[in-house]
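Below is one structure, written out as structure tokens; the observations come after it.
The values are calculated or read from the model by the stated rules, or taken from the named source; none is laboratory data. Everything quoted here is computed from the prediction, not taken from an experiment. Backbone-built Cβ (ideal geometry, glycine too); neighbour counts: all protein chains shown.
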Amino acid sequence: MSRLIVVSNRVTPPSGKGEEAVGGLAMALAAALREYSGLWFGWSGKTIPEFSGQLNLQRIDGVTVATVDLEEADLNEYYNGYANKTLWPLFHYRQDLTAYDRSFDEGYQRVNRRFAETLAPLIEEGDLVWVHDYHLIPLARELRELGITNRIGFFLHIPWPAHQLLTTLPRHSELVQALFAYDLVGFQTPEYRQAFEEYVLNDADGVGLGEGRLRAFGRTIRVGDFPIGIDAEEFVRLADSARARRTFDVLAAHTAFRRMIVGVDRLDYSKGMEERFLGFERLLAEHPDLRREVLFLQIAPISREGVDAYREIRGRLDALSGRINGEYADIDWNPVRYVNRNYRRDELAGVYRAAKVALVTPLRDGMNLVAKEFVAAQDPTDPGVLVLSRFAGAANQLTSALIVNPNSPEEIAEALHQALSMDLMERIERWRALFDNVQREDVTAWRDAFVGALAATRDRDQARSAEGPFYGEQARPLPVDARLQPNDRTERPGKDQAGEASALRDPEARGDAPALRLPTGAGRGLQVLGRDQGSLARPPRT
Ligand code: ADP
Ligand code: F6P
């Protein structure tokens, strides 16, 4: 049976205790991998003086996790550098914050090569490899150079920028070319996929072959949009847990006779928190009757402290929350409560449930899972209102939210006022439509759609005997009218593809099946954390 190998920079299966670094990717992958007997590979989050390629293996919550430590220079050039000072700001339309430094690019390529060299010996014939996010765009190319011919898919969790913006990146063509070493490249929304296609057609001399196939750089790949979801069932359960109820009660006591507005975001400049604070301030200024009636809780755990722009936004938010409180607070009321801590998932669910309004207003966001968690945590008989940025990927699906332009404090203030005045019937009606989507397009649907489409790539393409084998296929000139037409876009896979994904799912993942079959000579060293290697190969029954 094929195994699923997931690769991401951040490898943090949630302990549920609120200790781990937060982020949508880790939350989604932990949920997505739960039913597979696969492997999750990535960076340990630790640095060592010299890269050793030594693997640390753990089995956590039914998932086998293999990590490597990186050097300090890797951290600076790859993670803080190319990933978070170059690609992240550029892909979030912050060209003003984008740093171009050749050493970052070199560090990025080096770490991807190191990841490939460490991972390649673990890959067996028939394994599906699923690579995640902007840290690892060149990984497939590196794996191919090491002779890996397996199907490899890539999913981008963040936006793909308009092609005019992407061309400001030095060596943009190499970056896009690296994506053509994959079999399938997935995006969060049709808009991001189209932006990628436009680049390929306009700047890379590529052609669209229909059915979501794109050809450029001598290779053909498939592209598609696969909106990521949450584990809705689990979140509903969490919202009803004892700890969630306790958190709810504590907040209810602290906000007696007041209505709470909540924001939950990693402390990142892309999340639009400054504009949001200004929007709330404007609400207080324009509606004196609401003063003392409402309070705004912003939870914002510190993120990427090694990057200046993150330290700066932190300073600005500290000042802004202080200023609003200084202006409006009273002896028994602080309008803004601003905390920088991590919380357990069940506590967070209780916080969402206690809020009457959620402000989810990123300036740009690949998807935004907080919006979906808020919806899942609501009381169906008295739900809160979601105010959502039109620039979050989630706005494509959560159309019954109050959709705002996050750059406009005026619009945010108006939407807040509308949310706080909304009657119960409208709240329930809107929430039902939102919850229906969150439940239907959940993390399992996302995983099955992507894995199904990846599993189907070669089959479908090899069946086109006239075009030769998919991998290694050489580009041939195509007639101009074969260029991509709007209705050529990839459809999300139908039932048959999702079926292929379920066939890959391992019913014995938590039973007697070996968690990880290590070929002879795998990795350059093997360090098993938590359990001995014998028990790793045979996970206990749960
Ligand atoms: P991103 O991936 O950019 O951080 P998302 O909204 O998609 O944005 O995902 C953020 C994830 O991090 C969500 O699952 C959210 O619950 C989690 N999270 C955010 N803040 C906290 C916090 N203070 N404590 C625990 N989890 C948090
Ligand atoms: O979801 C986007 C993302 O960049 C993920 O790739 C990442 O894990 C998450 O946000 C949190 O960021 P970081 O891993 O840098 O803490």
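Observations
- For the residues G62, G18, the requirement of being under 24 Å from Y310 (Cβ atoms), modelled with pLDDT under 80 and more than 14 Å from ligand 2 (Cβ to nearest atom) singles out G18.
- Positions within region 354-385 being in a loop (DSSP other than H, G, I, E, B), over 18 Å from E274 (Cα atoms) and more than 8 Å from ligand 1 (Cβ to nearest atom), in sequence order: A355, K356, A377, Q378, D379, P380, T381, D382, P383, G384
- Residues within region 120-136 that are away from ligand 2 (no atom under 12 Å from the Cβ) and part of a loop (DSSP other than H, G, I, E, B), tallied: 5
- Matching residues, region 53-101, being β-branched (V, I, T) and not in a strand (DSSP E or B): T86, T98
- Any chance R222 is within 16 Å of ligand 1 (Cβ to nearest atom) and modelled with pLDDT of 95 or more: no
- Test result for G42, modelled with pLDDT of 95 or more, surrounded by 19 or more Cβ atoms within 10 Å (Cβ to Cβ) and in a strand (DSSP E or B): yes
- Flag for F104 being under 12 Å from V7 (Cβ atoms) and of a type in the set (F, W, Y): no
- Restricting the first member to region 160-182 and to residues that are of a type outside the set (A, V, I, L, M, F, W, C), and the second to residues that are loosely packed, with under 15 Cβ neighbours inside 10 Å, the beta-carbon pairs closer than 7 Å and six or more apart or on different chains are H163/N202; T168/Q95; P170/Y100.
- Matching option when the condition is within 15 Å of ligand 1 (Cβ to nearest atom), over 20 Å from the mean Cα position of the chain (by Cα) and small (G, A, S), among A253, A204, A216, A244: A244
- Hits in region 260-277 (condition: crowded, with 17+ Cβ neighbours inside 10 Å and either of a type in the set (A, V, I, L, M) or away from ligand 1 (no atom under 16 Å from the Cβ) (or both)): M260, I261, V262, V264, L267, M273, E275, F277
- Just one residue in the set R323, R311, R337 is within 16 Å of ligand 2 (Cβ to nearest atom), at pLDDT 95 or above and either surrounded by fewer than 15 Cβ atoms within 10 Å (Cβ to Cβ) or outside any helix (DSSP H, G or I) (or both); that residue is R311.
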